[in-house]
1. Using only Cα atoms, what is the ratio of the radius of gyration of the stretch 76-192 to 2.2 N^0.38 Å?
2. Please list 373-386, 287-300 highest first by mean number of surrounding beta-carbon atoms within 10 Å per residue.
3. With a ≥ b ≥ c the root eigenvalues of the C-alpha gyration tensor of the stretch 234-325, is it rounded (a/c under 1.5), prolate (a/b larger than b/c) or oblate?
4. Using a simple charge model, +1 on the beta-carbon of Lys and Arg, -1 on the beta-carbon of Asp and Glu, nothing else, what dipole does the chain show about its Cα centre, in debye to the nearest 20?
5. Please report, in debye to the nearest 20, how large the charge dipole of the stretch 310-416 is about its Cα centre when each Lys and Arg carries +1 at its beta carbon and each Asp and Glu carries -1 there.
6. With a sphere of radius 12 Å drawn around the Cβ of ALA160, what net charge do the other residues whose Cβ falls strictly inside it have (Lys, Arg +1; Asp, Glu -1)?
7. Excluding residues on the same chain fewer than 8 positions from LYS244, give the lysines whose Cα lies under 18 Å from its Cα.
8. What FRET efficiency comes out for the pair CYS356/LYS413, r = Cβ-Cβ distance, R0 = 41 Å, nearest 0.05?
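Only the coordinates and a few stated rules stand behind these numbers; no lab work does. Since the structure is predicted, the reported quantities are computational estimates derived from the model, not experimental observations. Backbone-built Cβ (ideal geometry, glycine too); neighbour counts: all protein chains shown.
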Amino acid sequence: MRHLIIIGGGIAGLASAHRVQEAIGQGVPVKCTVLEASSRFGGKIHTRRENDCIIESGPDSFITQKPQALALCKKLGLGDRIVGTRKNNKTFIYLNRRMLTLPDGLSLMVPTKFLPFITTSLFTWPGKIRMGLDLILPRRRSGRDESLASFVRRRFGQEAVDRLAQPLLSGIYSSDPEKMSMQATFPRFIETEKKYGSLIVGMLAGKKAMLLRKPEPSKNYQPYSLFVTLKNGMSELVETLMQKCPDIEFKSDSPITGLTQNGSGVTVTLDSGETIEADAVLVATPANVTARLTQTIAPEVSEKLNHIPFVSTAAVVLGFKREGFKHPLKGFGFVVPATENRKITACTWVSSKFPCRAPEDKVLIRAFVGGALKQELAEQIPEQILRDVKDELRDIMGVTEAPEFEHVFQYKKGNVQYPVHHQEMVASIEEGLKNHPGLFMAGSAFKGVGIPDCIAHGTQVTEDILSYFDQQDPTTKP
Ligand SMILES: Cc1cc2nc3c(=O)[nH]c(=O)nc-3n(C[C@H](O)[C@H](O)[C@H](O)COP(=O)(O)OP(=O)(O)OC[C@H]3O[C@@H](n4cnc5c(N)ncnc54)[C@H](O)[C@@H]3O)c2cc1C
């Protein structure tokens with residue numbers, strides 16, 4: 001029986017384990033062990049339940065436009081545990097010391113409704129006119145990658161970069177819009193420009209097509225909001241997945257220190273000095289760790305992985321009594337453009353965004369610090385990060401109430417970045433791996449940082465592993 005070792009029990013490694021479990025269920029003779037360095041599984045996904053609140057230190061939701069996370073939840077029997085965002089879906093931009101709502105009809109960064117766009121005070125008149133030029137500007141001919149800022153500046157002008165693209169889009173990736181790859185992060189915009197010449201025309205065409213396609217609401221039709229979570233928090237996905245994988249061996253507190261080739265297999269060395277033989281290894285750790293682990297076995301791949309940059313961020317969760325809390329929290333929260341020069345990048349009003357996160361008598365807020373443009377702020381001691389966040393929330397939202405509980409979650413060099421030409425780097429890593437049969441890699445460094453992307457990548461690489469086993473011994477593929 002072939003032995004697969006998965007290193008790293010984040011969502012990419014766990015999605016892989018789940019795919020192996022499915023194959024085992026179909027009669028494929030594979031043994032699979034997941035080795036996780038820390039005492040718990042889930043990696044960046046980590047829910048704490050405290051004071052009757054659900055506190056997420058990492059991801060708090062996933063996008064439903066990409067189907068993989070939703071599909072996995074349903075496969076795991078979590079369909080009725082999925083919770084959408086509340087209806088009050090206003091997101092604010094904090095600009096010039098004012099909270100401005102995003103104009104109705106804004107599709108990510110593309111205006112699709114005339115009146116709300118014309119009347120918004122989010123943009124100046126010259127800014128609005130410049131954005132409107134998208135309708136007549138010629139499409140770009142070159143197929144080469146460019147930065148998010150370069151793309152948005154070409155189509156909509158600098159004001160749209162500063163007030164929309166930077167806080168909303170590069171904010172998702174904690175990235176510098178001048179460095180972040182458009183192809184690796186928002187390929188849909190490139191395709192729209194290519195097809196329609198104008199993003200506004202393309203988005204309007206997409207909306208029209210969607211309206212025409214919209215299925216009749218029926219008993220089986222269950223629409224989801226753009227972002228969803230699970231009733232008991234994102235760790236419910238991790239816990240359920242592990243329960244549904246009875247044939248997989250999950251070992252926590254098992255940090256790996258190195259890999260060596262052993263004939264056609266791989267020897268995995270643990271921190272304890274113990275070694276385990278595997279027929280294939282899937283390294284699903286963050287790319288900077290993967291680079292270290294593969295230094296001996298695949299030095300040229302490791303060298304490339306070392307070029308993938310990481311930045312630091314921190315998330316601060318504050319819980320308050322609702323009674324006496326002055327801010328109305330009507331919306332999902334706000335983002336802060338870098339041009340405002342503040343110490344927080346965004347703030348989610350968690351108890352307003354999702355039901356089931358806090359009881360009615362409590363308020364839950366999560367603020368973000370750091371990212372590519374200000375990572376030093378996220379690398380300070382937790383007490384200072386907390387002071388910065390409280391100062392900012394006092395100044396921006398008027399929060400003077402003392403929190404009942406507070407947490408600082410730091411991700412020092414924990415957020416992978418996709419610089420321009422990232423896809424070429426990933427392709428050359430994949431090419432390099434072809435010289436190392438039995439060695440596979442997955443995770444957020446490759447084809448998307450979101451949970452659906454990591455699930456998709458972990459699953460797809462597992463298909464490659466099963467095919468690899470099958471080529472060696474044609475009984476292993478279902
Ligand atoms: C604050 C924050 C908020 C986010 N919000 C969202 C969101 O709302 N929605 C969304 O879709 N995405 C979000 N993301 C992104 C998403 O959470 C991550 O990209 C994704 O969870 C990464 O999964 P992964 O399996 O690739 O890596 P990880 O989750 O990093 O897992 C890697 C695992 O490898 C283990 N490991 C490391 N070294 C070793 C070793 N030597 N031996 C064995 N094991 C090792 C680690 O302990 C870890 O468990 C967020 C990320 C952060 C940091």
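1. On the way: Rg = 16.0 Å, N = 117, 2.2 N^0.38 = 13.4 Å.
Expressed relative to 2.2 N^0.38 Å, the Cα Rg reads 1.19.
2. Numbers: 373-386: 16.9, 287-300: 19.2.
Ranked from most to least packed, the peptides come out as 287-300, 373-386.
3. Working: a/c = 3.09, a/b = 1.64, b/c = 1.89.
Oblate, because a/c is 1.5 or more while a/b does not exceed b/c.
4. Values: 60 positive and 51 negative charges, 478 e Å.
Rounded to the nearest 20 debye, it is 2300 debye.
5. Values: 16 positive and 14 negative charges, 56 e Å.
Using only the charged Cβ atoms, the result is roughly 260 debye.
6. Details: positive: LYS128, ARG130, ARG153, ARG154, ARG155, ARG163; negative: ASP134, GLU159, ASP162.
Neighbour charge sum, excluding ALA160 itself: +3.
7. LYS31, LYS74, LYS75
8. Values: r = 33 Å, r/R0 = 0.80.
Rounded to the nearest 0.05, the efficiency is 0.80.
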